[in-house]
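Single-structure report; data block below.
Each reported figure results from applying straightforward, stated rules to the coordinates on display, with no laboratory input. Keep in mind that this is a model prediction, so the values were computed, not measured. All Cβ positions, glycine included, derive from the backbone under ideal geometry; neighbour counts span all protein chains shown.
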Amino acid sequence: MQVDTSQTRQARYEMVETQIRKRGIIDSRILRAFQMVPRHVFVPAGQRSTAYRDYPLPIGAGQTISQPYIVALMTAILSPSSTDRVLEIGTGSGYQTAILAELAKEVFTIERIRQLTESAGTILQELGYKNIHLFNGDGSKGIPEQAPFERIMVTACSSRLYPAWFEQLQEGGKIVLPLGDSNHQELIEGRKMGGKIQTITHGSVVFVPLVQDE
Ligand code: SAH
């Protein structure tokens, strides 16, 4: 698949430099991951020219692909190492999934809207990722058969830290999630230590809500 043109490569380089590095995310592994993943293939065809801009975009089914800086910030907070198995809740476009797959050993990602699961699966397969395992379903239950995970990232706003996530997080492991409701959400970093979660708050964010299936 012909993915890049000189324009998309240039736009991506500028996105990394001006939206990510200049705002203080300087980890070379993370910057390299953002340079590697062609964000424009994860957005709807009609939106490709705006894929590298400094804002979120619609991806269909009422969902959005987050602003590049927010994807980078969450990735930097999560800081997955190359030996980590990562659980991602809310695959959406699959863009954040691909970034995580550049950094971690394996990524297990779950999306509840079938149309998005399928389109993300097609794109990630075409890009050749072999370390991504995609599931369709309700991520509030995690993926018990694949636990434990060293890292968990939630990319939809949750009103709580679900027991399944706590149970499936390895001791010493880290979870990053937007916590709150439609009025106010904060980006939370949680570390599982001594069977408890110790949290750090990273400021306000805006995410689509996590929807729990009955
Ligand atoms: N990281 C994504 C952003 C996706 S937006 C990206 O880079 O494109 C959040 C996604 O979470 C949406 O696709 C939404 O359908 C999904 N979602 C919401 N509730 C969910 C749940 N309970 N389980 C799994 N996915 C969920």
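For this structure, a couple of remarks:
- Residue under evaluation residue 167, criteria (1) in a helix (DSSP H, G or I); (2) closer than 23 Å to residue 31 by Cα; (3) more than 16 Å from the ligand (Cβ to nearest atom); (4) of a type in the set (Asp, Glu), criterion not met: (2)
- Considering region 22-80, the residues that are under 17 Å from residue 177 (Cβ atoms), in a helix (DSSP H, G or I) and not hydroxyl-bearing (Ser, Thr, Tyr) include one that is nearest to the ligand (Cβ to nearest atom), namely 71.
- When the residues of region 81-100 are filtered to those that are outside any helix (DSSP H, G or I) and more than 9 Å from the ligand (Cβ to nearest atom), the one that is nearest to residue 22 (Cα to Cα) is 81.
- Residue that is farthest from residue 58 (Cα to Cα) [pool: residues in region 178-214 that are crowded, with 19+ Cβ neighbours inside 10 Å and in contact with a helix residue (DSSP H, G or I) (Cβ under 8 Å, 6 or more places away or on another chain)]: 192
- Within region 15-33, the residues that satisfy the criterion of being more than 13 Å from residue 74 (Cα to Cα), in contact (Cβ under 8 Å) with a residue 40 or more places away in the chain and surrounded by 17 or more Cβ atoms within 10 Å (Cβ to Cβ) are 15, 19, 33.
- Qualifying residue in region 83-103 (condition: among the aromatic types (Phe, Trp, Tyr), surrounded by 21 or more Cβ atoms within 10 Å (Cβ to Cβ) and under 27 Å from residue 166 (Cβ atoms)): yes
- Checked against (1) among the charged types (D, E, K, R); (2) within 12 Å of the ligand (Cβ to nearest atom); (3) surrounded by 18 or more Cβ atoms within 10 Å (Cβ to Cβ), residue 114 passes all but condition (3).
- Considering (1) away from the ligand (no atom under 14 Å from the Cβ); (2) in a strand (DSSP E or B), the lone condition that residue 183 does not fulfil carries the number (2).
- Any hit, region 138-152, residues being buried (at least 21 other Cβ atoms within 10 Å of the Cβ), touching a residue at least 24 places away in the same chain (Cβ under 8 Å), in a helix (DSSP H, G or I) and within 16 Å of the ligand (Cβ to nearest atom): yes
- Test: residue in region 115-125 that is within 10 Å of the chain's Cα centre (by Cα) and of a type outside the set (A, V, I, L, M): no
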